[in-house]
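Visitor: Encoded as structure tokens, here's the structure I'll be asking about.
The values are calculated or read from the model by the stated rules, or taken from the named source; none is laboratory data. Since we're looking at a predicted model, the values are computed, not measured. Reconstructed Cβ throughout: ideal geometry from the backbone, glycine too, with neighbour counts over all protein chains shown. Just so you know, the surface numbers come from the protein's heavy atoms only, side chains and all, with ligands and any DNA or RNA stripped out. Shrake-Rupley method; radii C 1.70, N 1.55, O 1.52, S 1.80 Å.
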Amino acid sequence: MTRRLAEVAKKVGVSEATVSRVLNDKPGVSEATRAAVLTALDVLGYERPTQLRGERARLVGLVLPELQNPIFPAFAEAVGGALSGHGFTPVLCTQTAGGVSEADYVDLLLAQQVSGVVFFGGLYAQGDAPHEHYARLAERSLPTVLLNAAIEDLDFPRVSCDDAVAVEQAFGHLRQLGHRRVGLVLGPADHMPSRRKLAAARAAAERFGLELPDDCVERALFSLEGGQAATTRLLRRDVTGVVCASDPLALGAIRAVRRAGLAVPEDVSVIGYDDSSFMTCTDPPLTTVRQPIDAMGRAVVELLVGEIGGVRVTHEELLFEPELVVRGSTAPARGRD
């Protein structure tokens, strides 16, 4: 007990006597200090006293599918910073191959009685994935927000970048540069954002008079290696432009073009998606569609805090406008159309 009091007191910056009053549910402590002590108790991994276990911790779980794609840490930073401004402590839950699953993290977060959960690109975006753990969150009425497109059956608030606008911007840019035959690298077939991008790409190709036959649409895992393999196949079909569903896929596309003895952008133009960190430092700097990370992060937190406060917020999807950022990986088409 003495060690616990000392650690919590140090974490919060109050006396051990104050911590003791909070743990024993005694008066004479401000609500702000009381909340800080309980949050420190949760963060340090100590169980709350029995009389305090019915209250939710001021913790919010941030469940990420990975950290290798820099867009996920960027979103986590934006959401975490906004949460801190509202007095909540973000708890990062990152999945790894063979490690703790998304469903396991849900069980852990429920056991910690967190105030809410934010998911970044999780299984909710995959039509063929298991979704039972989301039902457990709904049954508990735990405030939950999803970032980016999800399957239709989940009744949670969603904040997304407009995939249709993103694809239209990318295809319009290539059309202006004189490209006629464009390849598309997407995620798996059951991935909801990729489905949206494909539908938008077909509509944009028809509108701009571009060729997008089925054999110019490739699927891949969201990785540099996946982008390289998919683009290698596209190059056999004489595409002069490649639009990718993520920046890592686009970097893999650039590698594939070079391995084929061609150059970016002189022979093949490449466009990414996200405008994640260091895309200005690649060779060449990557033309990409920028997601408004800060604005989306703030919207996620406003929705979540509203639900935590008992306000029934809209469960309609909030769509944010992307921005095409033109850099050195795109150029006018020449000679291979």
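Visitor: Which condition does residue 329 not pass, out of (1) open to solvent by less than 20 Å² (accessible area, probe 1.4 Å); (2) modelled with pLDDT of 95 or more; (3) more than 30 Å from residue 241 (Cα to Cα), if it passes all the others?
Guide: The number of the failed condition is (3).
Visitor: Still on this structure: Tell me, which residue of the range 103-114 that is open to solvent by less than 40 Å² (accessible area, probe 1.4 Å) and out of contact with any strand residue (DSSP E or B) (no Cβ under 6 Å at 6 or more places or on another chain) is farthest from residue 144 (Cα to Cα)?
Guide: 103
Visitor: Of the residues 57, 35, which is modelled with pLDDT under 80, assigned to a helix (DSSP H, G or I) and within 19 Å of residue 116 (Cα to Cα)?
Guide: Values: 57 fails: assigned to a helix (DSSP H, G or I).
Every option except 35 fails the conditions.
Visitor: Right, next: In this structure, does residue 83 turn out to be assigned to a helix (DSSP H, G or I), open to solvent by less than 50 Å² (accessible area, probe 1.4 Å) and hydrophobic (A, V, I, L, M, F, W, C)?
Guide: Details: assigned to a helix (DSSP H, G or I): yes; open to solvent by less than 50 Å² (accessible area, probe 1.4 Å): yes; hydrophobic (A, V, I, L, M, F, W, C): yes.
Judged against the criteria, residue 83 is a match.
Visitor: Would you point out the residue of the range 253-281, among those that are under 12 Å from residue 229 (Cα atoms) and without any contact (Cβ under 8 Å) to a residue 40 or more places away in the chain, that is surrounded by the fewest Cβ atoms within 10 Å (Cβ to Cβ)? Explain how you work it out, then say what you get.
Guide: Filtering the range 253-281 for residues under 12 Å from residue 229 (Cα atoms) gives 253-257, 259-260.
Pick out the ones that are also without any contact (Cβ under 8 Å) to a residue 40 or more places away in the chain and you get 255-257, 259-260.
Values: 255: 17, 256: 25, 257: 25, 259: 12, 260: 14.
Among those residues, the one meeting the criterion is 259.
Visitor: Among the residues of the range 7-29, which ones are in a loop (DSSP other than H, G, I, E, B), surrounded by 11 or more Cβ atoms within 10 Å (Cβ to Cβ) and polar (S, T, N, Q)?
Guide: Selection gives 15 alone.
Visitor: Shifting gears a bit: Filter the range 154-190 down to the residues that are farther than 18 Å from residue 253 by Cα, in contact with a helix residue (DSSP H, G or I) (Cβ under 6 Å, 6 or more places away or on another chain) and touching a residue at least 60 places away in the same chain (Cβ under 8 Å), then identify the one that is surrounded by the most Cβ atoms within 10 Å (Cβ to Cβ).
Guide: Applying the filter and picking the extreme gives 159.
Visitor: Would you point out the residue of the range 191-222, among those that are within 18 Å of the chain's Cα centre (by Cα) and open to solvent by 20 Å² or more (accessible area, probe 1.4 Å), that is farthest from residue 160 (Cα to Cα)?
Guide: Applying the filter and picking the extreme gives 221.
Visitor: Please state which one of 221, 184, 154 is of a type outside the set (S, T, N, Q), under 30 Å from residue 306 (Cβ atoms) and not in a helix (DSSP H, G or I).
Guide: Values: 221 fails: under 30 Å from residue 306 (Cβ atoms); 184 fails: under 30 Å from residue 306 (Cβ atoms).
When all the criteria are applied, what remains is 154.
Visitor: Then there is this: Given the options 324, 319, 249, name the one that is of a type in the set (A, V, I, L, M, F, W, C), touching a residue at least 40 places away in the same chain (Cβ under 8 Å), open to solvent by 60 Å² or more (accessible area, probe 1.4 Å) and not in a loop (DSSP other than H, G, I, E, B). Step through it out loud before you land on a result.
Guide: Numbers: 324 fails: open to solvent by 60 Å² or more (accessible area, probe 1.4 Å); 249 fails: open to solvent by 60 Å² or more (accessible area, probe 1.4 Å).
Residue meeting the stated conditions: 319.
Visitor: So, one more: Filtering the range 283-301 down to residues that are out of contact with any Gly (no Cβ under 7 Å at 6 or more places or on another chain) and surrounded by fewer than 17 Cβ atoms within 10 Å (Cβ to Cβ), which residue is nearest to residue 90 (Cα to Cα)?
Guide: Applying the filter and picking the extreme gives 294.
Visitor: So, in the range 118-141, how many residues would count as being in a loop (DSSP other than H, G, I, E, B) and either open to solvent by less than 10 Å² (accessible area, probe 1.4 Å) or acidic (Asp, Glu) (or both)?
Guide: We begin by selecting, within the range 118-141, every residue in a loop (DSSP other than H, G, I, E, B); these are 121-122, 127-131, 140-141.
Those still in the list that are either open to solvent by less than 10 Å² (accessible area, probe 1.4 Å) or acidic (Asp, Glu) (or both) too: 122, 128.
Result for the range 118-141: 2.
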